[in-house]
Amino acid sequence: MSTAQTLVQLSGVAARVGTATILRDVDLTVQAGEAVALYGANGAGKTTVLRILATLLPPSSGSVQVFGSNLATTDRFEVRKRIGLIGHVPALYPELSLRANLEYVAEIGGLGSEAVESVLATVGLAGAADRPVEAASHGMQRRCEIARELMRMPDLLLLDEPHSALDESAVALVAHLVSAVADRGGCVVVASHDRHQVDKLTGRQVHLESGSLL
């Protein structure tokens with residue numbers, strides 16, 4: 001993919017829940033190879049932007065294009081396969097072990113067991129890989145999600161408050177993941193209330209306040 005290629009385009013996007021307006025006329029473009037920080041206070045609408053980009057929530061108005069496909073069409077089902085999301089709540093199977101969660105993803109992606117063992121070692125979970133997710137700390141669960149995305153290597157990576165519950169070594173893993181996706185021509189959108197942290201990860205920052213980009 002060319003670094004001049006637009007991978008994400010939000011035009012006039014609004015989101016409403018009942019009578020409450022969450023997003024107002026949001027325009028955002030993200031190019032291939034780019035990592036963008038979306039920062040703002042809690043309740044500003046950051047998570048809603050990520051959910052729309054992840055194809056989990058349709059906008060109330062406006063248009064969203066990802067990889068040149070309009071997410072209002074059935075193309076979104078193919079687009080979804082190329083998106084990675086690490087959200088507030090770990091998206092892992094709680095009854096399975098950390099390793100089994102990654103093995104499941106590897107099987108779907110046609111990857112071998114060596115890929116699983118490699119990412120477990122990379123994120124520092126080799127010694128805890130057989131621990132059930134429900135018995136793992138939140139930090140371990142975060143590391144497992146980082147391992148999943150390192151293995152999948154999505155074309156669009158969405159991170160929601162990625163530094164939550166992470167120690168310093170795991171914070172470095174987030175930076176490694178962001179760089180890996182951007183360097184191969186994908187793009188990254190990082191949502192956080194902590195501008196100091198996200199500025200280190202990204203080349204461009206946009207401020208969301210009360211549902212509007214400033």
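The values are calculated or read from the model by the stated rules, or taken from the named source; none is laboratory data. Just so we're clear, the structure is a prediction, and the values are computed from it rather than from any experiment. Neighbour counts are summed over all protein chains in view; Cβ atoms, including those assigned to glycine, are modelled from backbone coordinates with ideal geometry. When the accessible area is computed, the model is the full protein with side chains, heavy atoms only, and any ligands, DNA or RNA have been set aside. Shrake-Rupley method; radii C 1.70, N 1.55, O 1.52, S 1.80 Å.
Could you tell me which numbered condition GLU95 fails, if it satisfies all but one of (1) in a helix (DSSP H, G or I); (2) of a type in the set (Asp, Glu); (3) more than 20 Å from HIS176 (Cβ to Cβ)?
Only one criterion is unmet by GLU95, namely (1).
Taking the residues in the stretch 147-179 that are among the polar types (S, T, N, Q) and in a helix (DSSP H, G or I) as candidates, determine which candidate is surrounded by the fewest Cβ atoms within 10 Å (Cβ to Cβ).
SER169
Criterion first (of a type in the set (D, E, K, R) and over 27 Å from GLY45 (Cα atoms)) does GLU145 satisfy it?
Considered against the rule, which asks whether it is of a type in the set (D, E, K, R) and over 27 Å from GLY45 (Cα atoms), GLU145 comes out as no.
Given the criteria open to solvent by 10 Å² or more (accessible area, probe 1.4 Å), under 21 Å from GLY45 (Cβ atoms) and either in contact with a strand residue (DSSP E or B) (Cβ under 6 Å, 6 or more places away or on another chain) or among the aliphatic types (A, V, I, L, M) (or both), does LEU201 qualify?
Taking the combined requirement at face value, the residue satisfies it.
Cβ-Cβ below 7 Å, separation at least six or inter-chain, first residue in the stretch 162-189 and over 18 Å from GLN141 (Cβ atoms), second open to solvent by less than 50 Å² (accessible area, probe 1.4 Å) and of a type in the set (D, E, K, R): which pairs?
What qualifies is ALA182/GLU34; GLY186/ASP155; CYS187/GLU34.
Consider the stretch 48-87. How many of its residues are open to solvent by 50 Å² or more (accessible area, probe 1.4 Å), under 12 Å from the mean Cα position of the chain (by Cα) and either under 15 Å from ILE22 (Cβ atoms) or not basic (Lys, Arg) (or both)?
Residues meeting the conditions: 2.
Can you tell me which residue in the stretch 186-198 is nearest to the chain's Cα centre (by Cα), limited to those that are surrounded by fewer than 16 Cβ atoms within 10 Å (Cβ to Cβ) and of a type outside the set (D, E, K, R)?
HIS193
Please verify whether the stretch 126-145 includes one or more residues that are surrounded by fewer than 16 Cβ atoms within 10 Å (Cβ to Cβ), within 20 Å of HIS88 (Cβ to Cβ) and in contact with a helix residue (DSSP H, G or I) (Cβ under 7 Å, 6 or more places away or on another chain).
Yes, some residue in the stretch 126-145 is surrounded by fewer than 16 Cβ atoms within 10 Å (Cβ to Cβ), within 20 Å of HIS88 (Cβ to Cβ) and in contact with a helix residue (DSSP H, G or I) (Cβ under 7 Å, 6 or more places away or on another chain).
Restricting to the stretch 204-214, give me the number of residues that are among the basic types (Lys, Arg) and surrounded by 14 or more Cβ atoms within 10 Å (Cβ to Cβ).
0
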